[in-house]
Every structure is written in structure tokens, then in C-alpha cells.
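One structure below.
The values are calculated or read from the model by the stated rules, or taken from the named source; none is laboratory data. Just so we're clear, the structure is a prediction, and the values are computed from it rather than from any experiment. A quick note on method: Cβ atoms are made from the backbone with ideal geometry, for glycine too, and the neighbour counts reach across all protein chains shown. When the accessible area is computed, the model is the full protein with side chains, heavy atoms only, and any ligands, DNA or RNA have been set aside. Shrake-Rupley method; radii C 1.70, N 1.55, O 1.52, S 1.80 Å.
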Amino acid sequence: MTVSLSGSPSAQIWQGQCAACHGAAGEGNRALGAPALTQLSNDYLVRQLEHFISGVRGAHPDDAAGKRM
């Protein structure tokens, strides 16, 4: 799936928070443990973003990956 965020508020969020680890094109970074978002399903990505917004993701002491985000 390819999505263009150019010029949108989402583009600013992507560039400021996501691209540093997941790559400018969502290709991921194995050294950082950041998965290629282009390989994940739409449903999974939406669910994870909802979990970050609600505080479900990143709040648990064992969620080290979530805390990095």
C-alpha cells in the first residue's frame, strides 16, 4: 500500500516522529528494531496508532518498543 502524506499534517508527524526509525519511505531499520511499515496491514497499523493515542501502547513496563516511540 502506498500513501502520500505530502502537505498534510500527518506528513509533519511522520517526518518528526516516525521516519527517523522507520525510514522516509517506511522501509524500516533492522538495526533499530523498527519494522518496515510497508509490510504491515492497514488494520494492524490503524490499531497500533489507536493504541498509542489511547495510551495502551507504550505504557506497560514490558513494552520497550512502545516506549521508544
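If you go through the range 31-63 and keep only what is open to solvent by 60 Å² or more (accessible area, probe 1.4 Å) and among the polar types (S, T, N, Q), you end up with T38, Q39, S41, N42, S54.
Report yes if G26 is at pLDDT 85 or above, surrounded by 14 or more Cβ atoms within 10 Å (Cβ to Cβ) and at positive phi, otherwise no. Against the criterion (at pLDDT 85 or above, surrounded by 14 or more Cβ atoms within 10 Å (Cβ to Cβ) and at positive phi), G26 qualifies. Going by the conditions given, is G66 under 12 Å from the mean Cα position of the chain (by Cα) and not aliphatic (A, V, I, L, M)? When the stated conditions are applied, G66 passes them. Every condition in (1) assigned to a helix (DSSP H, G or I); (2) surrounded by 12 or more Cβ atoms within 10 Å (Cβ to Cβ) is met by G16 except one, and the failing one is (2).
Is it fair to say G66 is out of contact with any His (no Cβ under 7 Å at 6 or more places or on another chain), among the small types (G, A, S), exposed (fewer than 13 other Cβ atoms within 10 Å of the Cβ) and not in a strand (DSSP E or B)?
On the way: out of contact with any His (no Cβ under 7 Å at 6 or more places or on another chain): yes; among the small types (G, A, S): yes; exposed (fewer than 13 other Cβ atoms within 10 Å of the Cβ): no; not in a strand (DSSP E or B): yes.
No, not satisfied.
Filtering the range 29-63 down to residues that are in a loop (DSSP other than H, G, I, E, B) and of a type in the set (A, V, I, L, M, F, W, C), which residue is modelled with the lowest pLDDT? So, considering only residues that are in a loop (DSSP other than H, G, I, E, B) and of a type in the set (A, V, I, L, M, F, W, C), the one modelled with the lowest pLDDT is A59.
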